[in-house]
Every structure is written in C-alpha cells, then in structure tokens.
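Data first, discussion second: the structure below is written as structure tokens.
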Amino acid sequence: MRINESLTFVQRSLMGGGMARILVAEDDVLLLGAIRDTLELAGYSVCGVSNGMQAMEAFGHFRPELIVADVVMPEMDGFELYHRVRCDSPGTAIPFIFISVRDVAQAVQQVAGNNSTYLRKPFGPEELLEMVHKFLG
C-alpha cells in the first residue's frame, strides 16, 4: 500500500475511532511509538508501556477496552499478561491483539480463543487499524 493510500485509510478511521481506551504493551520503543501514534491519530486514547508488569499496573487505572501486547517481553510475556488480566477482571472479556515476529496463530487460539487475534511483525498502520476496528467497531 502506498503512503497516500495509508493516509487515506487513517483519515477514514478518524471518523469512527471514538475515544475507546487501548493499552499497548511493546518493549521495542520505536514500534511502541508508531503504534501509539497510529491509534491516537485514529482517535483512540492510548496508554503505552514497555513490558507486561507495567501493563498490569496501567490496567488497574486505565481500564482499557482493548489490549495490544507483544508476545515476547521482559518481566512478563503477552500470554501471561492475558491470563493475569482475566484473573484480575473475571466476567469481562477484554479483547487482545497479540503481536509477534513468529506465527503464533495456533498459540493465540489455544490461549485466548475467539476474543483475540494476532498480527505478525512487521505490519502496517492499516493492518493494525483493521484489527482494532474488528473488536471496537
């Protein structure tokens, strides 16, 4: 996809983004910044952290409607984060978008079921926004 097409996609996303809260946990600071910028430009409220422990701390006060989490992070991986969020808030099914350089589709299905998906790195802003819209409308 060319830059103009990507910008058009992001601009279209601005109209439907709302102010849904998204928690992003990614240990690569450049990718974390790119994800945050993409989501904020699309109208979402974003809390970005660099590991799973920080994500759990932020979860308590930010109360996200969606979590984007790297599978491999220091201190706590994305799957452990998923389990702790489920234990911390039983009865709520906050969707997860797992991100990884590996193909983790089967692992995501086994761990998180249908309320989650994954994006394989590298991915573009349009792919990220399509996944976000899948869960947040």
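Structure data summary
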{"quantity": "Hey, residue 127 of a type in the set (D, E, K, R), in a helix (DSSP H, G or I) and at pLDDT 85 or above or not", "calculated": "yes"}
{"quantity": "Hits in the range 81-127 - residues which are among the charged types (D, E, K, R) and touching a residue at least 40 places away in the same chain (Cβ under 8 Å)", "calculated": "121, 126"}
{"quantity": "Hey, residue 49 surrounded by 13 or more Cβ atoms within 10 Å (Cβ to Cβ) and either modelled with pLDDT under 95 or touching a Pro at 6+ places or on another chain (Cβ under 6 Å) (or both) or not", "calculated": "no"}
{"quantity": "Hey, residue 117 under 11 Å from the mean Cα position of the chain (by Cα) and over 22 Å from residue 33 (Cβ atoms) or not", "calculated": "yes"}
{"quantity": "Failed item, numbered, when residue 36 is tested on (1) basic (Lys, Arg); (2) surrounded by fewer than 18 Cβ atoms within 10 Å (Cβ to Cβ); (3) more than 23 Å from residue 111 (Cα to Cα)", "calculated": "(2)"}
{"quantity": "Any chance residue 98 is modelled with pLDDT under 95, on the phi < 0 side of the Ramachandran plot and within 13 Å of the chain's Cα centre (by Cα)", "calculated": "yes"}
{"quantity": "The lone exception for residue 101 - which of (1) buried (at least 16 other Cβ atoms within 10 Å of the Cβ); (2) within 21 Å of residue 115 (Cα to Cα) it fails", "calculated": "(1)"}
{"quantity": "Positions within the range 117-137 being of a type in the set (Gly, Ala, Ser) and within 24 Å of residue 30 (Cα to Cα), in sequence order", "calculated": "124"}
{"quantity": "Checking residue 59 against (1) out of contact with any strand residue (DSSP E or B) (no Cβ under 9 Å at 6 or more places or on another chain); (2) closer than 15 Å to residue 22 by Cβ, the condition it does not meet", "calculated": "(1)"}
{"quantity": "Members of the range 9-33 that are exposed (fewer than 14 other Cβ atoms within 10 Å of the Cβ) and at pLDDT 95 or above", "calculated": "29, 30, 33"}
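The values are calculated or read from the model by the stated rules, or taken from the named source; none is laboratory data. Model, not experiment: these values are computed from the prediction. So basically every Cβ, Gly included, is an ideal-geometry build from the backbone, and we count neighbours across all protein chains shown.
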